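What follows is calculated from the coordinates using simple rules that are stated; it is not laboratory data. This is a predicted model, so every value here is computed, not measured. Note that we place each Cβ from the backbone using ideal geometry, even for glycine, and neighbour counts take in every protein chain shown.
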Amino acid sequence: MYDVIIVGSGAGGSAAAYGLTQAGHKVLLLEAGPRFNPATDYPLTNSDWELSLFPEKKGSQGKYTFAPMQKLEARWQHLRSKNSLNGYLSPGDSRIPSGIGYHHVRGIGGSTLHFTGESHRLHQQSMKMHSLFGVAADWPLTYHNLMPYYNQAEKLIGVAGITNISGRDYNGSSLLPPHPFSDTSRILQRGAEKLGMHWQANNRAALSQAYDGRPACNYCHNCNRGCPRGDKGSADVTFIRQAELTGKLQIKTRLSVLKLENDGNSKISGVLCADSSGQRFSFSAPIVILACGALETPRLLLNSADANSLEGLANESGQVGKNFMETLSWTSTGLSNDSVQTFKGLPADGICWDFNAPDSVPHIIGGCRFSSTTAEADLSGPVNYARRLVKGWGAEFKDTMRQQFGHAITVGAIGESLPNDRSFIALDATAKDEHGLPLARINSYLPETELRRLEFMAKRCNSILHAAGMTEVIESYGSYDFFSSTHVFGTCRMGNDSNTSVTNSYGQSHRWNNLYICDASIFPSSGGGESPSLTIEALALRMANSLKHLVE
Amino acid sequence: MKPLSRRQLLVATVYSAILPAPQILSAGTINKQASNHPQEILTAMVDMILPADQHSPAASQLGVNKALWQLAERNLNLKKLLIKGCRWLDKESFGNFITLPDNQKIELLRWMDERASPKRLPGLFFRQVRYHSVGLYYATEQAQKGLGLHQSPQPMGYPEIGLRDN
């Protein structure tokens, strides 16, 4: 009945569904979460909009656990998160998850629903980390193998931005014009340029002009709370919408995949699912694609262990769950004396790529980037000013609120996360989901190299603020004491050698011929701070293009 | 600020018994007749934290006191803290915080904010009430107008940003 089953509808699953349905194949898309309605689910028109983040619906958050994380050390004290109102933000002497820790959305569109929408291509050298720098692993494909699919994804989404970015070839691209800078970016540009850094327009999955039946962005500053207009290029309003127009896509929501069944030879023979009531269903198709993300994809494979795959499905190399890479990040916030209103504008509209190449941070392998981050720091409205930035109470406090509201400027950095033996995903020995299956357990460790890169990022963020005229960093927040990841990678690494990788360059399992993976779990390296959604989508389109012939 | 934990509440309550007394208690007599409901005490407290001025009303005029209590109805640890904190406030206010002159209310709250340990009842109570009440206050249209903010992010957005040149 179906040519392809796709599990998961985030960036990878949606782009794969698009590519396959465009080629005429019948696709069944299984999604554990719900479907969100942008027009009604994102409450940005209410005065109390700031009291909640992206809305939760039943089933829209996955469950997982954390292994105890590393002890904090006095020598890295300057990397602890703090704020001028509350002091140090982590209460103990160990690193801990920040809130739920892995910030994601389950639902049609996956985490693109709450993402900022940065649309980055990987630096070409970031795909050759092992051969050039002796760390991580090389990608089994080149930038130029991926380039046509980058072009295709950007065109479909309506990415707005620029093409003169170092380390990338944009030949054949067709971007919309870049967005004008917000006040945050104007101030940060001033600081960065004083330090000799180059501040550019960031490439963004947000429309700078009406496109493909969607309106232009109106600069409300709240991409992370969900875009009610549909101008943000989340997967639901781009890839999924186009796939549904073909009439070839069937979507089933709130259906959890429990296990992949196999024929004992080389094929996946069935996909076993359950709904929230526990009722079970089984589907089969010639091709099965996993796109559940770097936590749930390895979990599903490990939970699918049987007599034919004792250590987990597709785990002949022992690499399923290994090489876990997280979001290494830092933000610094100051208050500008300029006449500004930083709650207006497009989040992450400006960026500096100067330190993005893997060898560009002095004495440390692995790059990073700097960008305007006031919105991601959730400083878009007065509630967080009052709770986090403005001291005191009473009449004086209200006066200070009036003076300072709109003046917060946050600069952020995201850096390379290199794999290490102590960072991996495993099955939890005791915690189980509602179907009785073990949860994924996150093991995260930041070795010295990562902390030194983080230190560079922190110092540079503070320097940019100071150079831009802010005398005090009033809040800083980073990965040293908090695990707080929006991007996770690497737990089903792709490669040419079946002894050291889970899939080939098309995401195809080395052993199970009809099993494919198209999410960030197949990344051999994380990149130097690039947001991964565009690369996931390009990989999925490339995989779908290859499957066009296989299905036939 | 993280959600109030049971352990935080326990530690705060136990240690409140050995706190040094606020300066305000150096004089005056306790009004043993007073027995204010915690919601009435909270109303007086949030109006000291967020008083009316020429730009925006006091917290209770915008329903912050009621919203705070509704929040506590859904969070048992917070409710316990508010009840214990209000009792403590009354006790340390000659028996009646509500009737205390404003300058003495300010003195007492300032001590809670600046000198009381955030791990003990008075400090934890003050910080939780401040955190929630400023959040609830600035989530209202009138308080936002007082800041010169005349709209929510949507449906209008800020299209003037799109007219700029880089």
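Magnitude of the charge dipole for chain A, about its Cα centre and with charges confined to Cβ atoms of Lys, Arg (+1) and Asp, Glu (-1), is about 440 debye. Once the Cα atoms are used to define both axes, helix A:11-22 deviates from the longest principal axis of chain A by about 50 degrees.
Here's the picture: charge each Lys and Arg Cβ at +1 and each Asp and Glu Cβ at -1 in the protein assembly as shown, and of A:N545, A:C217, A:S498 the one pushed furthest to the positive end of that dipole is A:C217.
Counting only alpha carbon atoms, the long axis of helix A:448-467 and the longest principal axis of chain A meet at about 40°. The string of couplings for segment B:61-73 from the Karplus curve (6.51, -1.76, 1.60, θ = phi - 60°) is 5, 9, x, 5, 4, 5, 5, 5, 5, 5, 4, 5, 5 Hz, one whole number per residue in order, with x for Gly and Pro. Cross-link partners for A:K71 among the aspartates and glutamates, with Cα-Cα distance under 14 Å and sequence neighbours closer than 8 places in the same chain left out: A:D93, A:E448, A:D481.
Rounded to the nearest 500, the 222 nm mean residue ellipticity of chain A from helices alone is -6500 deg cm²/dmol, with -39,500 (n - 2.57) taken per DSSP H run of at least 4 residues. In nm, to one decimal, how far is the modelled label at A:Q250 from the one at A:T449, with both set 7 Å along Cα→Cβ? Taking the simple label geometry, A:Q250 and A:T449 are separated by 4.8 nm.
Give me the extension gain from A:V135 to A:H549: residue separation times 0.36 nm, minus the current Cα-Cα distance, reported in nm with one decimal. Can you show the working numbers first?
Values: separation 414, 0.36 × 414 = 149.04 nm, distance 3.52 nm.
Once the chain is fully extended between A:V135 and A:H549, it gains 145.5 nm.
Put simply, when A:293-303, A:521-531 are sorted by average Cβ atoms within 10 angstrom per residue, most first, you get A:521-531, A:293-303. Enter the angle in degrees (range 0 to 90, nearest 10) between the Cα long axis of helix A:183-194 and the first principal axis of the Cα atoms of chain A, meaning the one along which they spread out most. Once rounded, the angle reads 80 degrees.
Bridging of B:K80 to lysines at a Cα separation below 19 Å is possible for B:K2, B:K66, B:K91, B:K119, once same-chain residues fewer than 8 apart are set aside. All C-alpha pair distances within the protein assembly as shown, sorted into 20 Å bins from zero, spread as 17, 48, 28, 6, 0 percent across the bins.
Projecting the Cα positions of A:W353, A:H179, A:L122 onto the charge dipole of chain A (unit charges on Cβ atoms of Lys, Arg, Asp and Glu, taken about the Cα centre) puts A:H179 furthest along the positive direction. Between A:Q61 and B:N75, the distance separating the two model label sites (each 7 Å from Cα on the Cα→Cβ line) works out to 1.4 nm. Between A:Q403 and A:S84, the contour length at 0.36 nm per residue exceeds the alpha carbon distance by 113.1 nm. For segment A:4-551, the residue among A:L156, A:G394, A:I414 whose Cα projects farthest onto the positive side of the dipole built from Cβ charges is A:L156.
Arranged from fewest to most other beta-carbon atoms within 10 Å of their beta carbon, A:V340, A:V390 become A:V340, A:V390.
Between A:N37 and A:I162, what's the calculated FRET efficiency when r is the beta-carbon distance and R0 is 35 Å? Round to 0.05.
On the way: r = 33 Å, r/R0 = 0.95.
Once rounded, the FRET efficiency stands at 0.60.
The dipole here belongs to segment A:432-481: it is taken about the Cα centre, uses +1 on the Cβ of Lys and Arg and -1 on the Cβ of Asp and Glu, and is about 200 debye.
Under a 5 Å amide H cut-off, with hydrogens placed 1.01 Å from N, A:F482 pairs with A:I96 among residues at least 5 apart or on other chains.
In debye to the nearest 20, how big a dipole does segment A:94-252 give about its Cα centre with +1 on each Lys and Arg Cβ and -1 on each Asp and Glu Cβ?
Numbers: 17 positive and 10 negative charges, 60 e Å.
With Lys and Arg at +1 and Asp and Glu at -1, about 280 debye.
Remark: the A:A431-A:D338 segment gains 28.4 nm on full extension, using 0.36 nm per residue and subtracting the alpha carbon distance.
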